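S.K.: Below you will find the structure I want to go over with you.
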Amino acid sequence: MVNAGDMNGSGNLMDFLDEPFPDVGTYEDFHTIDWLREKSRDTDRHRKITSKSKESIWEFIKSLLDAWSGWVVMLLIGLLAGTLAGVIDLAVDWMTDLKEGVCLSAFWYSHEQCCWTSNETTFDDRDKCPQWQKWSELLVSQSEGASAYILNYFLYIMWALCFAFLAVSLVRVFAPYACGSGIPEIKTILSGFIIRGYLGKWTLLIKTVTLVLVVSSGLSLGKEGPLVHVACCCGNFFSSLFSKYSKNEGKRREVLSAAAAAGVSVAFGAPIGGVLFSLEEVSYYFPLKTLWRSFFAALVAAFTLRSINPFGNSRLVLFYVEYHTPWYMAELFPFILLGVFGGLWGTLFIRCNIAWCRRRKTTRLGKYPVLEVIVVTAITAIIAYPNPYTRRSTSELISELFNDCGALESSQLCDYINDPNMTRPVDDIPDRPAGPGVYSAMWQLALALVFKIVITIFTFGMKIPSGLFIPSMAVGAMAGRMVGIGVEQLAYHHHDWIIFRNWCRPGADCVTPGLYAMVGAAACLGGVTRMTVSLVVIMFELTGGLEYIVPLMAAAVTSKWVADAFGKEGIYEAHIHLNGYPFLDVKDEFTHRTLATDVMRPRRGEAPLSVLTQDSMTVEDVETLIKETDYNGFPVVVSKDSERLIGFAQRRELILAIKNARQRQDGVVSNSIVYFTEDPPELPPNSPHPLKLRRILNLSPFTVTDHTPMETVVDIFRKLGLRQCLVTRSGRLLGIITKKDVLRHMAQMANQDPESIMFN
């Protein structure tokens with residue numbers, strides 16, 4: 001027995017853990033956070049600040065600053081995300097045009113800006129001005145003819161290859177995490193998974209630069225998905241400046257949810273759609289407070305982008321349109337058909353793209369990312385150049401497809417045969433027979449549609465930043481425009497049919513093909529991502545047309561129903577499963593009648609569970625257990641005989657606590673007793689100082705009984721964001737269920753490979 005004096009003396013030393021020491025509460029890379037613990041730590045921190053604020057004016061001011069820090073972070077995220085989006089838009093505009101020519105008066109001007117500043121531009125030839133020269137005019141002084149065409153064709157391909165090669169090289173050398181869309185990983189991170197460096201400063205810088213390069217190269221990808229990743233990198237950077245967020249992974253994820261909303265806000269110029277996208281598609285935990293802050297971040301980001309005005313049209317997006325005719329009930333049938341097409345395209349794309357990405361991961365193809373990007377870019381550029389609808393940037397293509405044909409439109413899609421006796425206001429041009437330009441545009445659009453469908457399957461998932469929103473919308477917009485022109489011509493030539501008789505009189509402006517393009521774009525995007533509410537809001541914010549919500553809703557719901565009939569997973573969930581991320585989707589249903597005892601470890605025939613005892617193990621015993629196992633934590637029991645549960649200790653915190661104790665506390669040696677109780681155990685007189693580790697012990701670990709249905713266990717893991725759950729019977733420890741065990745069991749029940757879940 002140690003005497004009272006020794007006990008008091010050693011007590012002061014042993015309680016050194018009552019002061020926090022570095023790195024306690026942090027997590028290893030590729031591990032899951034403990035949401036309950038993070039929430040509890042934040043509550044303790046808040047209680048402490050509130051009680052201190054009553055002590056002095058300075059502490060009260062500090063508490064106010066702490067309360068306002070969340071809004072300050074949102075303001076900073078909105079400002080930086082909006083600025084980066086504006087810079088990306090301006091740079092993409094310039095570099096896309098650089099593939100075809102250069103502005104002599106100022107080389108940093110895009111084609112449009114160059115001709116804006118020219119005094120010699122006429123309205124009819126607004127795309128032609130002496131200051132803008134194609135490469136053939138500049139190099140060989142020829143603008144027409146076979147040699148000029150071949151030279152422009154060759155330089156278009158060379159510029160595309162140069163941009164793509166530079167992008168893939170930068171990603172490979174400086175920031176491997178800058179590739180892809182980023183949304184599957186953002187979803188996984190927001191569900192509580194740690195991927196260190198994924199939201200780092202290097203990733204932010206390289207993703208911003210390479211996003212400009214890959215979009216300018218003409219590849220079939222968009223910048224909208226990667227902009228969500230860029231905004232989340234901004235959120236991660238600013239949250240690291242405030243201890244409230246940098247020291248609490250749960251609070252950090254609230255900031256990242258708001259940052260995702262800001263990303264969509266600047267990607268589409270849709271602040272409300274951004275908030276709904278974050279809520280519906282990416283966020284795992286979205287309290288009401290985060291909703292308000294997301295709204296504020298999205299507002300600031302949209303305001304910043306509007307101030308930069310990258311498109312010069314005082315709008316937040318390139319393809320803002322306004323239609324002047326209402327839609328009619330009979331048109332719901334083609335709208336629903338477009339929804340069916342969107343669902344089928346979504347299913348086809350997901351299956352083919354996942355099959356190709358799996359092939360990339362499992363064969364030698366994955367060892368040559370640079371070569372793959374170069375080959376796909378070369379094929380894209382060679383096939384895209386001859387067709388005017390694939391040569392231009394995808395955003396410009398969507399803009400043209402969405403446009404209503406006014407009196408001043410010069411597009412081939414608006415080459416209708418006019419009635420010379422027509423005297424109508426400019427806004428209300430009646431339906432007219434299609435001219436030769438419309439028919440040739442239809443053929444070119446059909447070829448462009450097939451090309452986009454095929455090439456996007458191989459482009460998405462390469463080792464470069466690649467978004468899917470714009471290519472999906474382009475596929476739908478092309479299909480929709482063709483259907484729209486078909487319905488328009490049918491209505492014009494057969495206006496006496498019963499379906500047209502009531503609403504389409506001769507000389508009336510009945511059908512708007514641009515509206516069909518918009519509905520088709522929504523249907524295809526919905527089919528691929530399975531978004532519904534946020535998709536409709538984004539689309540009507542894009543177009544400013546509130547009266548077209550019903551067609552958009554009909555198409556979005558139909559595309560989701562059709563796509564869900566073939567498989568419940570959207571493209572992002574499919575990529576999460578392909579990469580083996582431990583993501584428990586809230587939308588997944590678990591209907592099997594298994595029990596906790598069927599899933600827990602150890603199973604029959606396996607070695608017993610590795611546990612710590614409350615007061616009978618030495619420092620050396622604990623270190624040996626840590627060294628011989630790779631578990632994330634250990635249950636603490638009264639003794640190995642009784643196995644009555646006391647609590648749970650995290651592996652990382654045990655290592656840090658023992659390391660700190662050896663450095664800061666005299667007398668702690670390998671045979672010092674480790675105890676987790678409030679009072680030290682009774683020890684022989686000359687034994688070394690014991691080590692008290694009660695502070696790092698979780699005294700209320702989540703437990704279930706062995707007969708708890710797995711349906712309930714899965715729900716608990718989903719709704720509480722648990723890392724692990726202990727299985728007991730009458731207070732005795734039987735086993736443990738981790739998030740990985742739950743995911744493996746769900747995969748097994750769905751007849752999938754349980755070993756595909758890679759991370760802890």
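S.K.: Determine the share of the chain's accessible area contributed by carbon and sulfur atoms, expressed in whole percent, with a 1.4 angstrom probe.
M.R.: Here it works out to 60 percent.
S.K.: Can you give the helix-only mean residue ellipticity at 222 nm for the chain, where every DSSP H stretch with n ≥ 4 adds -39500 (n - 2.57) and the sum goes over all residues, rounded to the nearest 500 deg cm²/dmol?
M.R.: -18000 deg cm²/dmol
S.K.: Can I ask one more? Please give the Cα centre distance for the stretch 358-409 versus the stretch 163-185, rounded to the nearest Å.
M.R.: 18 Å
S.K.: Separate question: Report relative contact order for the chain in percent, whole number only (criteria: Cα-Cα under 8 Å, sequence separation at least 6).
M.R.: In percent, rounded to a whole number, it is 15.
S.K.: Would you kindly give the portion of the calculated P(r) for the chain that falls above 36 Å, as a percent of all Cα pairs?
M.R.: Roughly 52 percent, once rounded to a whole number.
S.K.: Related question: Specify the inter-centroid distance of the stretch 592-627 and the stretch 28-104, based on alpha-carbon positions, in whole Å.
M.R.: Centre-to-centre (Cα) distance: 40 Å.
S.K.: Find the relative contact order for the stretch 57-184 and round it to a whole percent, using C-alpha pairs within less than 8 Å whose residues are 6+ positions apart.
M.R.: Reported relative contact order: 16 percent.
S.K.: Okay, next question. For the chain, which cysteines have no second Cys with its Cβ under 4.7 Å from theirs?
M.R.: Isolated Cys, the chain: C162, C179, C232, C233, C234, C352, C357, C524, C725.
S.K.: Let me ask something else about it. Can you give me the orientation-averaged projected area of the convex hull built on the Cα atoms of the stretch 624-732, in nm²?
M.R.: 8.5 nm²
S.K.: Sticking with this structure for a sec: Where Lys and Arg each count +1 and Asp and Glu each count -1, what net charge lies around P271 among other residues with Cβ under 14 Å from its Cβ?
M.R.: +2
S.K.: Using a probe radius of 1.4 Å on heavy atoms only, what accessible surface per residue do you get for the stretch 596-750? Whole Å² is fine.
M.R.: 48 Å²
S.K.: Follow-up. Count the DSSP beta bridges whose two residues both fall in the chain, then state the antiparallel fraction as a percent rounded to the nearest 5.
M.R.: 75 percent
S.K.: Just add up the charged neighbours of A477: K/R +1, D/E -1, any other residue whose Cβ is under 15 Å from the Cβ of A477.
M.R.: -1
S.K.: For the stretch 190-347, what D do you get in µm² per second when you plug the Kirkwood radius from alpha-carbon pairs into Stokes-Einstein at 4 °C and 1.567 mPa s?
M.R.: For the chosen part, D equals 74 µm²/s.
S.K.: Rounded to the nearest 5, what % of the DSSP beta bridges within the stretch 596-750 are antiparallel ones?
M.R.: Antiparallel bridges make up about 70 percent of those DSSP assigns within the stretch 596-750.
S.K.: Starting at the first residue of the stretch 193-203, write each ³J(HN,Hα) from the Karplus equation 6.51 cos²θ - 1.76 cosθ + 1.60 with θ = phi - 60°, in whole Hz, x for Gly and Pro.
M.R.: For the stretch 193-203, the Karplus curve yields 8, 9, 10, 5, x, 5, 10, x, 5, 5, 4 Hz.
S.K.: Oh, and also: Only sites in a loop by DSSP and with at most 11 other Cβ atoms within 10 Å count here; which GluC sites (Glu not before Pro) in the stretch 528-624 make the cut?
M.R.: Counting only loop positions with at most 11 other Cβ atoms within 10 Å, the GluC sites (Glu not before Pro) in the stretch 528-624 are E589, E606.
S.K.: Select from the stretch 34-120 those chymotrypsin sites (Phe, Trp or Tyr not before Pro) which occupy a DSSP coil region and have at most 13 other Cβ atoms within 10 Å, ordered by residue number.
M.R.: Of the chymotrypsin sites (Phe, Trp or Tyr not before Pro), the ones in loops of the stretch 34-120 whose Cβ has at most 13 other Cβ atoms within 10 Å are F107, W108.
S.K.: What does the charge count around N309 come to, taking other residues whose C-beta lies under 15 Å from its C-beta (Lys +1, Arg +1, Asp -1, Glu -1)?
M.R.: Summing Lys/Arg as +1 and Asp/Glu as -1 gives -1.
S.K.: If you scale each eigenvalue of the Cα gyration tensor by 5 and take the root, what three semi-axes come out for the stretch 99-243, rounded to whole angstrom and sorted largest first?
M.R.: Each semi-axis is the square root of five times an eigenvalue, giving 40, 18, 12 Å.
S.K.: Moving on. List the relative contact order of the stretch 585-744 as a percent without decimals, with contacts defined as Cα pairs under 8 Å and 6+ residues apart.
M.R.: Computed over the stretch 585-744, the figure is 29 percent.
S.K.: OK, next. Is there a quick way to get the dipole size of the stretch 95-253? I mean about its Cα centre, with the Cβ of Lys and Arg at +1 and of Asp and Glu at -1; what is the value in debye to the nearest 20?
M.R.: 1440 debye
The values are calculated or read from the model by the stated rules, or taken from the named source; none is laboratory data. Nothing here was measured: the structure is a model prediction, and the numbers come from that model. Every residue, glycine among them, receives a Cβ derived from its backbone with ideal geometry; neighbour counts consider all protein chains shown. These accessible areas exclude ligands, DNA and RNA; they are computed on the full protein's heavy atoms, side chains included. Shrake-Rupley method; radii C 1.70, N 1.55, O 1.52, S 1.80 Å.
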